[in-house]
1. Can you list the strands (runs of 3 or more DSSP E) found entirely within segment 66-134 that contain at least 3 residues being open to solvent by less than 80 Å² (accessible area, probe 1.4 Å), of a type outside the set (Val, Ile, Thr) and closer than 19 Å to residue 35 by Cβ?
2. Taking the condition of being farther than 19 Å from residue 108 by Cβ and open to solvent by 70 Å² or more (accessible area, probe 1.4 Å), how many residues in segment 15-37 meet it?
Amino acid sequence: GRVCIPAAYRQILAAQGTPGVYVCPSFIDPALDCFGQVLLDETAARLAAQDPFLSPSFDDEATTLIARTHILAPDENGRVRLPDALIEHGSLKDRIVFAGKVKKFQVWDAERYAALEAEAVARMRARYAGGRGA
């Protein structure tokens, strides 16, 4: 359950003043969403604009994005211990992949991610192939 956060991601997180890494189960993919203080603050600001008592949207977003988020502190080698529930959500096995996604990065089971990546690349090729006169 211990994973080493890549140095490039640790540097970004540290520059944001993040005390480790925020991790939550993705509600879209069988993966873990990982992010820093900036994205947490943006999410909190968006939620703050809603009524916390009378907005069903507030409760849905807060439950999905905030309540399920863990702050994981790395050891001296940049490793964090993933809680068992997160490992189970991502179906993480021996090999994992870190995938950068602009404001966040995800942790995937390597085999699952390879299939997802191949499908995404195929869709992009199909979408843009018509513009090259292929």
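The values are calculated or read from the model by the stated rules, or taken from the named source; none is laboratory data. On a predicted model such as this, the values are computed, not experimentally measured, just so you know. As a convention, Cβ positions derive from the backbone with ideal geometry for all residues, glycine included, and neighbour counts pool all protein chains shown. When the accessible area is computed, the model is the full protein with side chains, heavy atoms only, and any ligands, DNA or RNA have been set aside. Shrake-Rupley method; radii C 1.70, N 1.55, O 1.52, S 1.80 Å.
1. On the way: elements: 70-72, 79-81, 96-101, 104-109.
Correct list: 96-101, 104-109.
2. Selection size over segment 15-37: 2.
This table checks each residue for (1) farther than 26 Å from residue 95 by Cα; (2) at pLDDT 95 or above.
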site	(1), (2)
4	no, yes
20	no, yes
30	no, yes
36	no, yes
45	yes, yes
55	yes, no
68	no, yes
74	no, yes
